[in-house]
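Quick note: the coordinates plus some simple rules give every number you see, no bench work behind them. Treat the numbers as computed from the prediction; the structure is a model and nothing was measured. Note that each Cβ is placed from the backbone with ideal geometry, even for glycine, and that neighbours are counted across all protein chains shown.
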Amino acid sequence: MTMRMNRAVAAGILLLILENGVVPWLVPSDWSSRLTPHLTFVLLVYVACFAGRHRAFLFGLGFGLLSDILTYGNLIGPYAFGMGLIGYAAGLVMERSTPTIAKVIGTAAFGSAAIGTVVYMIYRLFRLTTWSYGFAFYWFIAPTLLLEVLIALALYLPARRLLLKPAVSSAEETAA
């Protein structure tokens, strides 16, 4: 089975629009500074699992940079770097095995914690935050991780149907 990258890019653009236009309205105002789900990161995990590390790296780099530009903060580039790095690492890990739902959800959970940690470390490096890592994990990373794992679980079957081409059997090849 191969992946349809044109559909993945179109789905990424749609998820980026939803992430910046609709999700802020759905998150309660008390949690808006604490809960920031990245829908394109969930799609990046699927690209890493089904398309490989090189495509996941480029996908993460591109959509991470778009995410940095659209949600302009103190820096442009932490999400581009983090999503590219995590996409490559997730693709490298998943390249050697068949992706099952448990492996994909585990990769999404580990990747979500890793992207939050990478962004925190970059902000800490440039002294844009003075929070401890424990507080940042409790306040931002853990709630976002839980929500992104639930989103990845809910989108597993639709993403698989949308993004993967069915394998052509040998009987269909000889008939054609």
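Here are a few things to note about the model shown:
- C-alpha center-to-center spacing [the stretch 87-137, the stretch 43-64] in angstrom: 14 Å
- Between amide H atoms placed 1.01 Å from N, distances below 5 Å from residue 164 occur with 4, all of them 5 or more places distant or on a separate chain.
- Taking packing as the residue-averaged number of other Cβ atoms within 10 angstrom, the listed peptides 121-133, 82-94 run from highest to lowest as 82-94, 121-133.
- Summing +1 for each Lys or Arg and -1 for each Asp or Glu among the other residues whose beta-carbon sits under 13 angstrom from that of residue 13 gives 0.
- Over the chain: helical MRE at 222 nm, DSSP H runs n ≥ 4 each giving -39500 (n - 2.57), nearest 500: -22500 deg cm²/dmol
- Translational diffusion coefficient (Stokes-Einstein; Kirkwood radius from C-alpha pairs) of the stretch 1-79 at 37 °C, 0.692 mPa s, in µm²/s: 247 µm²/s
- The stretch 5-156: projected area of the alpha-carbon convex hull, averaged over directions, in nm²: 8.4 nm²
- Cut-off under 5 Å, modelled amide H: who pairs with residue 155 long-range: none
- Modelled spin-label separation between residue 34 and residue 142, with each label point placed 7 Å from Cα along the Cα-to-Cβ direction: 1.0 nm.
- Burial ordering of 103, 165, fewest other beta-carbon atoms within 10 Å first: 165, 103
- Membrane-span-like helices in the chain, defined here as complete DSSP H runs extending at least 20 Å along the helix axis by their C-alpha atoms with mean Kyte-Doolittle hydropathy no lower than -1.0, are 5-21, 53-70, 78-94, 101-125; this is a sequence and geometry rule, not a statement about a membrane.
- Charge sum, other residues only, whose C-beta stays under 13 Å from residue 47's C-beta, Lys/Arg counted +1 and Asp/Glu -1: +4
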